[in-house]
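Since the structure comes first, as structure tokens, the remarks are kept for the end.
The values are calculated or read from the model by the stated rules, or taken from the named source; none is laboratory data. Predicted model, so just to flag it, every value in this text is computed and none were measured. Here Cβ is always computed from backbone atoms with ideal geometry, including for glycine, and neighbour counts include all displayed protein chains.
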Amino acid sequence: MSEKNILTVSASPHTKSPGTVTGIMLDVIISLIPAAFAGVAVFGARAALVIAVCIVSCVLFEFLSRKIMKRSSSIGDLSAVVTGLLLAFNLPVSIPIWMCIVGSLVAIVVVKQMFGGIGHNFANPAITARIVLLVSFASAMTGFSAPGSSGVDTITTATPLSHLSAIDLSGNVSSQMGALLVDGDLPSFFNMLFGVRAGCIGEVCSVALILGAVYLILRGVISIAIPGSYILTVAAFMLIASGFDITFTIYEILGGGLILGAFFMATDYSTSPINTKGKIVFGIGCGILTSVIRLFGSLPEGVSYSILLMNIATPLIEKLTAPAYFGFIKEKKTKKKEEGAA
């Protein structure tokens with residue numbers, strides 16, 4: 001038999017795709033550009049500085065850590081740039097710059113590279129870094145600047161979720177929401193959509209985030225399973241909790257980091273289930289945890305914690321929701337076998 005007739009058997013899968021890690025990460029970067037511009041437009045030049053420092057720090061830490069660990073360089077896959085962008089999006093504009101560098105170190109070195117690099121991390125690097133910063137530097141991480149702020153010496157203000165968390169759900173939610181809107185404590189619906197409100201740099205402009213999400217869905221980078229089940233679960237939970245007050249529910253969806261988390265962080269390939277059933281379970285779990293933390297916890301926001309907890313539960317979800325092997329027939333237990341085993 002000639003050599004050209006010998007079959008070469010390789011490990012599955014045998015299908016090929018034109019998609020690459022670099023291409024996927026580039027799509028994610030493109031999808032985040034509108035939100036980045038919106039954050040700079042709302043908070044000023046310092047938002048651009050925070051974004052730049054996070055990106056440069058993440059790329060530098062990835063390069064150095066891979067070199068120290070004697071691994072091939074991976075900065076060309078652009079995953080470190082995505083991590084830097086998402087980390088910056090989860091930070092207030094007034095955060096000290098050195099904390100951005102600490103967060104980048106945690107995200108890249110501790111969460112990502114110490115577990116083997118891209119595809120091996122058990123949790124989303126940007127989310128884990130945000131939680132570490134929040135626990136370590138609570139004051140800096142919860143000092144949100146008003147729209148139009150361009151530096152650290154600005155007047156801080158409460159986020160919409162802070163005002164929503166003060167609402168007594170056992171009372172008349174509609175009248176309480178009306179009072180908050182009349183007094184100006186809550187931004188208008190228009191301002192909520194276009195980011196004229198207090199919050200983290202990348203979470204304030206819902207329109208920009210939705211545009212980016214639509215781009216990712218059309219490109220086939222993400223599916224609607226996780227973000228759809230996540231947001232719908234939060235919406236259902238908030239509707240029931242508020243006595244079916246639509247305004248309260250809409251503000252809960254737009255008022256924090258739900259859209260950013262649902263579309264851009266909960267959908268991380270490495271830390272979320274791969275099959276559709278598992279994705280839906282994952283999204284519902286994130287939605288329930290986010291709602292419970294917001295309504296009954298001591299913090300007004302719960303997106304980061306919920307995604308991190310569900311990241312940890314991902315292996316179990318995949319085990320319980322994995323489809324049956326093709327052609328596999330589960331053996332039925334018979335009474336005789338059960339008696340023999342006994």
Exercise. Do we have Val132 as more than 19 Å from Thr290 (Cα to Cα), outside any loop (DSSP other than H, G, I, E, B) and within 21 Å of the chain's Cα centre (by Cα) here?
Worked result: no
Exercise. Pick from Ser136, Ser175: which is among the hydroxyl-bearing types (Ser, Thr, Tyr) and within 30 Å of Gly243 (Cα to Cα)?
Worked result: Ser175
Exercise. How many of the residues in region 281-304 are assigned to a helix (DSSP H, G or I) and surrounded by fewer than 19 Cβ atoms within 10 Å (Cβ to Cβ)?
Worked result: 5
Exercise. Quick one: in region 176-228, which of the residues that are surrounded by fewer than 21 Cβ atoms within 10 Å (Cβ to Cβ) and of a type in the set (D, E, K, R) is modelled with the highest pLDDT?
Worked result: Arg219
Seminar exercise, completed: Residues of region 141-158 being modelled with pLDDT of 85 or more and either buried (at least 18 other Cβ atoms within 10 Å of the Cβ) or in contact with a helix residue (DSSP H, G or I) (Cβ under 6 Å, 6 or more places away or on another chain) (or both), in sequence order, are Met141, Phe144
Seminar exercise, completed: Taking first residues from region 224-243 that are outside the structural domain of Asn275 (by TED's automatic domain parsing) and second residues anywhere that are at pLDDT below 95, the pairs with Cβ under 6 Å that are 6 or more apart or on different chains are none
Exercise. How many residues are under 18 Å from Ala213 (Cα atoms) and charged (D, E, K, R) if we restrict to region 244-276?
Worked result: 1
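Yes/no per residue for (1) assigned by TED's automatic domain parsing to the domain that holds Val204; (2) buried (at least 22 other Cβ atoms within 10 Å of the Cβ); (3) modelled with pLDDT of 95 or more:
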{"site": "Ala45", "(1), (2), (3)": "no, no, no"}
{"site": "Ala48", "(1), (2), (3)": "no, no, yes"}
{"site": "Ser57", "(1), (2), (3)": "no, yes, yes"}
{"site": "Ile68", "(1), (2), (3)": "no, no, no"}
{"site": "Val81", "(1), (2), (3)": "no, no, yes"}
{"site": "Met99", "(1), (2), (3)": "no, no, yes"}
{"site": "Gln113", "(1), (2), (3)": "no, yes, no"}
For this session: Test Ile231 against the criterion of being outside any loop (DSSP other than H, G, I, E, B) and touching a Lys or Arg at 6+ places or on another chain (Cβ under 8 Å), and give yes or no.
Result: no
